[in-house]
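Below you'll find the structure, written out as structure tokens, and then a few comments.
The values are calculated or read from the model by the stated rules, or taken from the named source; none is laboratory data. Bear in mind that the values here come from a model prediction, so they are computed numbers and not experimental data. Reconstructed Cβ throughout: ideal geometry from the backbone, glycine too, with neighbour counts over all protein chains shown. Surface areas here come from the heavy atoms of the whole protein model, side chains and all, with no ligands, DNA or RNA. Shrake-Rupley method; radii C 1.70, N 1.55, O 1.52, S 1.80 Å.
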Amino acid sequence: MDKLAIQGGMSLSGEVRISGAKNAALPILCAGLLTADKLHLGNLPKLKDISTSLTLLGHIGMQVCLNDQGGVDLHAAELSRLEAPYELVKTMRASILVLGPMLARYGEAKVSLPGGCAIGSRPVDLHIKGLQAMGAEIHIEHGYIHAKAGRLQGARIFMDTVTVTGTENLMMAATLAQGVTVLENAAREPEVVDLADCLIAMGAKISGAGSDTITITGVDSLHGASFNIMPDRIETGTYLVAAAMTQGKIKITHTRADTLDAVLDKLREAGAEIELGENSITLSMQQRPRAVSLKTAPYPAFPTDMQAQFMAMNCIADGVATVTETIFENRFMHVQEMRRLGANIEIEGNTAVIRGVDGLQGAVVMATDLRASASLVLAALVAEGETTIERIYHIDRGYECIEEKFSQVGARIRRVH
Ligand code: EPZ
């Protein structure tokens, strides 16, 4: 298995180009199932999760061809099977996003229940409950979700918990339902809005995306479209934290600042100077970061996908900070590994108390989940000596060319096969 070897101590400077958003691309790829026409997607990130999703869609029978602008052309004219097998779903939970589109267009779907993952049990009960409210007959047998429906019927659905992929699955299903669907307590994440924008380009009738109430008026069919995936706000935030921790100055290009307010506010609170351009963010940090406390919550509050990265910064910050995780029940897997680097972190329930230390020491550490792995890269950038991060397949799921992008801004990082 590949590892990353990182020599700490360099201040980052230069430019980083951001890739398309993984968490927008994954539902939008599945939206290709909703039409018999071609869907042309641009700015697709080159990530393991994307290739897994394309493999699954190909398995179902969608024609997938990578175009020469680094995008992909999808065509789901006829599907050969209406199932997402365990072998594929177990490697990527977001495979559940084929359920809504498959049911809406073909009236049938057999999708493996995604297992849990390192950060939590990750149930999909709200996906199922919402589809049942739209008239689907669903039962679970031998680890598979078996779903059947005539034409789905519009319904008013209150989501007990804010769920990003739950909102996305139901929004996609509702585009072809008979009548109007209202999703209440819907997720407001920018990736939900990006999916809605793509669906609207395909002829869907959707209003309210980005608010907590989304209204979808079903249509008989959707047509093809060309659509560019939005920039990845979590990749953006990760490189901004790296610049802040290493007291450097980097310009992030091909990104958007309007999806990162909570993160930018916390970086300013830590002492960073931030300048916003048309599609760029420039951060410079002249001194040791100040400790910043935070609490994760659904968008537009501070994103759980940036929690581990800020914990890394707090490890070497001036002061004491608390980090409270309210979305997932086990998203502190990085704490043990950071302690190996010399961090001073105590966990009390879903809150970590981090006392900034003057420096970390390089060591061998292990990646456990996507964002935890990224936070270990950040900690390694400031640790004294060499840090080796094992099991970096977690990182490759969500960060395109991470060692090349960090090397371009002066990090001493190399992949060890
Ligand atoms: C999406 O996961 C993202 N993944 C996650 O990013 C992100 O951390 C998460 O949203 C929260 O922002 C993708 O978009 C592919 P949820 P998702 O459903 O949709 C509970 C990354 O690092 N819940 O919003 O699976 C659930 O247990 C990944 O890129 C139910 O109880 O998350 C959790 O506590 C990690 N029942 C809360 O809701 C359900 O049916 C939020 O989960 C669904 C969810």
Work out how much length Gln286 to Asp258 would gain on full extension: take 0.36 nm times their residue separation and subtract the Cα-Cα distance, in nm to one decimal. 7.6 nm
For the stretch 273-417, take N as its residue count and report Rg(C-alpha) divided by 2.2 N^0.38 Å. 1.03
Normalising by the residue count of the stretch 193-280, find the relative contact order in percent from Cα pairs under 8 Å and 6+ residues apart. 21
Pop a pseudo-label 7 angstrom from the Cα along the beta-carbon direction at both His146 and Thr322 and give the gap in nm to one decimal. 4.9
In the chain, what percent of the accessible surface is made up of carbon and sulfur (1.4 Å probe, ligands and nucleic acids excluded)? 48
In cubic angstrom, how much convex hull volume per residue do the alpha carbon atoms of the chain span? 124
Dimensions of the stretch 48-109 along principal axes (Cα, Å, largest first)? 34, 26, 16
With an 8 Å Cα cut-off and a minimum separation of 6 or more residues, compute the relative contact order for the chain in percent. 22
Restricting to bridges with both residues inside the chain, how much of the DSSP beta-bridge set is antiparallel, in percent to the nearest 5? 70
Using a 1.4 Å probe on heavy atoms of the protein chains only, the accessible area for Cys117 in Å², nearest 10, reads 50
DSSP-assigned coil residues among GluC sites (Glu not before Pro) in the stretch 75-153, each with at most 13 further Cβ atoms within 10 Å: Glu78
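Accessible area per residue, 1.4 Å probe, Å², for the chain: what's the number?
38
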